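Novice: Pasting in a structure now, in structure tokens, and then I'll have a few things to ask.
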Amino acid sequence: MNKIRVKGGRPLTGKVRISGAKNAALVLIAASVLAKGESIIENVPRIQDVEIMLDILRGLGIETGWVAEDAVSIQVPDEVNYHTPYELARKLRASNLLLGSIVGRRGIAEISLPGGCNIGSRPMDLHLKGLQLLGFETTLEHGFIKIRNASPQGNNIYLDFPSVGATENIMMAASVVPGQTIIENAAKEPEIVDLGNYLNAMGARVRGMGTDIIKIEGVSQLKGVRYAVIPDRIEVGTFMTASAITGGKVILENVISTHVQPVIAKLREIGVQIGEKDDCIEVVGHPKIKAADIKTMPYPGFPTDMQSQFMSLLSLADGTSVIVENVFENRFQVADELKRMGANIKVEGHTAVVKGVPRLGGTCVKATDLRAGAALVIAALAAEGETEISQVHHIFRGYENLVQKFTNLGADLQLD
Ligand code: UD1
């Protein structure tokens with residue numbers, strides 16, 4: 001099953017339930033290594049990336065498994081291995097999040113460098129700088145990051161850029177390093193807050209998550225707990241964008257709307273009606289959307305993970321939009337695929353100029369990465385005729401039941 005065929009032109013209608021957040025679930029699973037005993041994490045999406053992370057944990061000697069439709073059990077023994085193999089790490093960039101938890105638990109770690117990916121080179125200098133400031137000795141040998149335990153001690157760590165992964169790795173390690181650690185210019189994403197809450201539930205003392213200064217008092221040990229992951233704000237954004245482009249009317253359930261304000265604000269700006277009530281959002285698309293400019297930024301700015309989906313939407317807008325990608329250097333690959341569908345997009349460096357066209361047409365396109373794949377599904381839902389999207393394994397890395405969810409909303413999608 002490596003292709004999705006979409007017959008476009010049907011407005012989406014009905015209700016869709018949003019799954020747990022991929023990026024929160026992955027870091028929570030990684031953080032579980034810090035605690036002895038059993039943790040049960042609920043509202044976990046059943047997606048490829050989660051399955052691979054659970055596999056890596058098994059390789060560390062940890063028992064993991066699904067105990068309900070959306071819940072995983074993680075049983076951490078007294079002794080865990082400290083080596084992650086290349087074969088699994090190369091399949092999952094987020095495997096680098098085991099750096100902080102393994103080193104916190106063992107004092108040593110050998111983590112395979114996950115390698116680059118389609119959206120950019122994704123260095124790890126900030127992760128390593130943070131761990132070095134905590135007193136860990138880090139070396140790079142034969143594609144592995146090796147960490148040895150000098151005598152770790154809390155410290156002040158200033159991040160040159162509010163990297164999500166670096167903030168998370170430092171939070172995890174510092175939770176069990178003696179003394180106080182202060183992370184300045186920390187990432188503020190909702191997934192960081194979720195990690196802080198999870199660590200605190202396990203007995204850590206983390207304050208300030210969600211602001212750019214996070215303070216952590218190290219404790220001697222953490223214990224397993226039961227915890228539920230936040231809803232996936234990027235899945236919310238993806239379904240809102242899909243509803244908007246088809247001129248549909250959709251209610252999204254299990255949403256924390258404050259997490260998606262940057263996306264809601266942009267949708268309202270281009271003429272989409274959004275209603276917010278309790279944990280639901282209603283989206284009513286407008287037959288003619290307006291052009292708008294977008295700059296991706298760390299949270300609470302417009303998320304880079306929603307940039308491709310908006311490129312699809314703005315391809316059909318009335319007027320010209322300018323999209324500036326400030327977070328990853330190579331995240332406009334979907335433009336070439338959208339152009340095959342009739343979009344008018346010019347990319348120069350970090351900027352894409354999207355001139356709205358009256359219609360897109362179905363053809364063969366390929367998903368180059370996770371969000372690009374979602375963007376192509378969105379474009380295909382609005383295109384005339386049939387679109388065949390290949391390399392859709394990228395999509396299943398991060399979206400739970402995507403085909404089923406769109407089909408339930410009245411779309412015509414088939415998995416080949
Ligand atoms: C996380 C998300 C990803 C999202 C991204 C930005 C997970 C599993 N993934 O990725 O979906 O798109 O946040 O919101 O949570 N950088 C450095 N040096 C470092 C670390 C990062 O230069 O040591 C740069 C990166 O190359 C990139 C930028 O900082 O240009 C942002 O990266 P970062 O916030 O670390 O993203 P990830 O944690 O990898």
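The values are calculated or read from the model by the stated rules, or taken from the named source; none is laboratory data. Since this is a predicted model, take the numbers as computed values, not measurements. Neighbour counts are summed over all protein chains in view; Cβ atoms, including those assigned to glycine, are modelled from backbone coordinates with ideal geometry. For accessibility, only protein heavy atoms count, side chains too; no ligands or nucleic acids. Shrake-Rupley method; radii C 1.70, N 1.55, O 1.52, S 1.80 Å.
Novice: What spacing in nm lies between the two simple spin-label points modelled at Lys290 and Glu137, each 7 Å away from Cα in the Cβ direction?
Specialist: The answer from the label model is 6.1 nm.
Novice: Now for a separate question. Using a cut-off of 15 Å between alpha-carbon atoms, which aspartates and glutamates can reach Lys7, once sequence neighbours fewer than 8 places away in the same chain are excluded?
Specialist: Glu384, Glu386, Glu388, Asp412, Asp416
Novice: Using DSSP to call loops (not H, G, I, E or B), can you name the trypsin sites (Lys or Arg not before Pro) in segment 299-398 whose Cβ has at most 14 other Cβ atoms within 10 angstrom?
Specialist: Numbers: sites: Arg331, Lys339, Arg340, Lys346, Lys355, Arg359, Lys366, Arg371, Arg397; in loops: Arg331, Arg359.
Of the trypsin sites (Lys or Arg not before Pro), the ones in loops of segment 299-398 whose Cβ has at most 14 other Cβ atoms within 10 Å are Arg359.
Novice: Still on this model: Could you check the simple spin-label distance between Lys339 and Val324, using points 7 Å along Cα→Cβ, in nm with one decimal?
Specialist: Each label point lies 7 Å from its Cα, and together they span 2.3 nm.
Novice: In the chain, which longest range has no GluC sites (Glu not before Pro) that are both DSSP loop (not H, G, I, E or B) and surrounded by at most 14 other Cβ atoms within 10 Å?
Specialist: 80-328
Novice: Counting helices only, and only those DSSP H runs with n ≥ 4, report the 222 nm mean residue ellipticity of the chain as the sum of -39,500 (n - 2.57) divided by its residues, in deg cm²/dmol to the nearest 500. Please list the in-between numbers first.
Specialist: On the way: 14 runs with 130 residues, N = 416.
Result for the chain, helices only: -9000 deg cm²/dmol.
Novice: How high is the relative contact order of the chain, in percent, counting Cα pairs under 8 Å that sit 6 or more residues apart?
Specialist: Rounded, it is 21 percent for the chain.
Novice: Over what distance in Å are the Cα centres of segment 278-329 and segment 5-72 separated?
Specialist: So the separation of the two Cα centres works out to 26 Å.
Novice: If you average the C-alpha positions of segment 242-257 and of segment 352-377 separately, how far apart do those two centres end up, in angstrom?
Specialist: If you average the Cα positions of each part, the centres end up 19 Å apart.
Novice: So what is the relative contact order for segment 189-343, in percent, with contacts set as C-alpha pairs under 8 Å and at least six apart?
Specialist: Relative contact order of segment 189-343: 17 percent.
Novice: Tell me which lysines have Cα within less than 17 Å of Lys223's Cα, excluding those fewer than 8 residues away on the same chain?
Specialist: Of all the lysines, those that pass the test against Lys223 - Cα under 17 Å, at least 8 places apart if same chain - are Lys36.
Novice: Right, something else. Which value, in debye to the nearest 20, gives the size of the charge dipole of the chain about its Cα centre, when Lys and Arg are +1 and Asp and Glu are -1 at the Cβ?
Specialist: The dipole of the chain has a size of about 560 debye.
Novice: Any idea what the relative contact order of segment 22-228 is, in percent, if you count C-alpha pairs under 8 Å spaced at least 6 apart?
Specialist: 21
Novice: In segment 22-228, what percentage of the DSSP-assigned beta bridges are antiparallel, given to the nearest 5?
Specialist: Around 70 percent of the beta bridges assigned by DSSP in segment 22-228 are antiparallel ones.
Novice: Now, a different point. Determine the order of Ile264, Ile251 by accessible area, beginning with the largest, at a probe radius of 1.4 Å.
Specialist: These residues rank, largest area first, as Ile251, Ile264.
Novice: Then there is this: Just the number please: accessible area per residue for the chain, 1.4 Å probe, all protein chains included, in Å².
Specialist: With the other protein chains kept in place, the chain gives 38 Å² per residue.
Novice: Just the number, please: percent antiparallel of the DSSP beta bridges in segment 204-323, rounded to the nearest 5.
Specialist: 75
Novice: In addition: As a test, work out the antiparallel percent of DSSP beta bridges whose residues both lie in the chain, rounded to the nearest 5.
Specialist: So the antiparallel bridges amount to about 70 percent of the total.
Novice: Carbon and sulfur: what percent of the chain's accessible surface (1.4 Å probe)?
Specialist: Looking at the chain in its full context, I get 47 percent from C and S.
Novice: Now, a different point. May I ask for the distance between the Cα centers of segment 179-216 and segment 164-178, given as a whole number of Å?
Specialist: Result: 8 Å between the Cα centres.
Novice: Tell me, what is the FRET efficiency for Met297 and Lys3 to the nearest 0.05, using R0 = 56 angstrom and their Cβ-Cβ distance as r?
Specialist: Efficiency, from the Cβ-Cβ distance: 0.95.
Novice: Okay, moving on. Probe radius 1.4 Å, ligands and nucleic acids left out: which of Asp194, Asp318 has the largest accessible area, and how do the rest follow?
Specialist: Final ranking, largest accessible area leading: Asp318, Asp194.
Novice: With no solvent and one point per C-alpha, what does the Debye sum give as log10 I(q)/I(0) for segment 193-324 at q = 0.13, 0.14, 0.22 Å⁻¹?
Specialist: -0.62, -0.69, -1.24
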